[in-house]
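The values are calculated or read from the model by the stated rules, or taken from the named source; none is laboratory data. All figures in this text were calculated on a predicted structure; none of them were measured in a lab. Every residue, glycine as well, gets a Cβ built from its backbone with ideal geometry; the counts of neighbours run over all protein chains shown. Heads up: the accessible areas ignore ligands, DNA and RNA and are worked out on the full protein's heavy atoms, side chains in. Shrake-Rupley method; radii C 1.70, N 1.55, O 1.52, S 1.80 Å.
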Amino acid sequence: MTLTIELTDNLAGCHAVRRAVFINEQNVSEAEELDDLDAQALHILATKDGTPVGTARLLIHDAYGKIGRVAVTKDMRGTGLGAKIMQVVLDVLRAQDGVTHAKLDAQISALKFYEKLGFVAQGPEFMDANIPHRLMVMPLSS
């Protein structure tokens, strides 16, 4: 088995994972999931033997990187792939000039996952795509 996780221009592969996880499993509308921010984002794609199995996207806003659309296919959950994707994401953000913090909107069910990586929840719970979320932030000291 060959597993790769890297910055990619393969938006179709990223969309395949996001469609499987967010649209098919979590019933997020396609209009909400496949938005116009993809064009300005950096994309991470994890593949197993060439098949897309995980993804994340990054939007750079001045001193912070906004991480979003973190998804792992059902067959790869529990393997540590999500944490590996997040390590690549954080490495990419640390390499961006002037970026000092990472932010993300975590589904409540994923709070503990992000806390283990060093993110801290801030502010109240809010709804996004009919799913409860919280803002999480982490400083990016090298």
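Observations on the model:
- What you get for the stretch 43-122, charging only the Cβ of Lys and Arg (+1) and of Asp and Glu (-1), is a dipole of about 220 debye around the Cα centre.
- For the stretch 1-77, a simple Cβ point-charge model (Lys and Arg +1, Asp and Glu -1, everything else neutral) yields a dipole of about 300 debye relative to the Cα centre.
- Karplus-derived 3J(HN,Hα), 6.51/-1.76/1.60, for each residue of the stretch 66-82, Hz, glycine and proline x: 9, 8, x, 6, 6, 8, 10, 4, 3, 5, 10, 5, x, 9, x, 4, x
- Helix-only mean residue ellipticity at 222 nm for the chain, each DSSP H run of n ≥ 4 adding -39500 (n - 2.57), per residue, nearest 500: -6000 deg cm²/dmol
- Largest GNM mean-square fluctuation among His61, His101, His15, using the chain with Cα springs under 10 Å: His61.
- Solvent-accessible area per residue in the chain equals 53 Å², computed with a 1.4 angstrom probe and all protein chains kept.
- Global form of the chain, assessed from the alpha-carbon gyration tensor, a/c cut-off 1.5: rounded
- A Cβ-based charge dipole, computed about the Cα centre of the chain with Lys and Arg at +1 and Asp and Glu at -1, lands at about 520 debye.
- Rounded to whole numbers, the Karplus 3J(HN,Hα) couplings from phi for the stretch 87-93 are 5, 5, 4, 5, 5, 4, 5 Hz, using 6.51 cos²θ - 1.76 cosθ + 1.60 with θ = phi - 60°, and x at Gly and Pro.
- The alpha-carbon of Lys48 sits under 19 angstrom from the alpha-carbons of these lysines, leaving out residues fewer than 8 places away in its chain: Lys74, Lys84.
- Here's the picture: charge each Lys and Arg Cβ at +1 and each Asp and Glu Cβ at -1 in the chain, and of Ala16, Leu59, Ile5 the one pushed furthest to the positive end of that dipole is Ile5.
- Between the listed residues Ala102, Gly78, Leu37, the Cα displaced farthest toward the positive end of the dipole of the chain, a dipole computed from Cβ unit charges relative to the Cα centre, is found at Gly78.
- Solvent-accessible area of the stretch 36-128 (1.4 angstrom probe, protein heavy atoms only): carbon and sulfur portion equals 52 percent.
- For the chain, modelled as a GNM whose springs connect Cα atoms under 10 angstrom apart, the maximal fluctuation among Lys103, Lys116, Lys84 occurs at Lys116.
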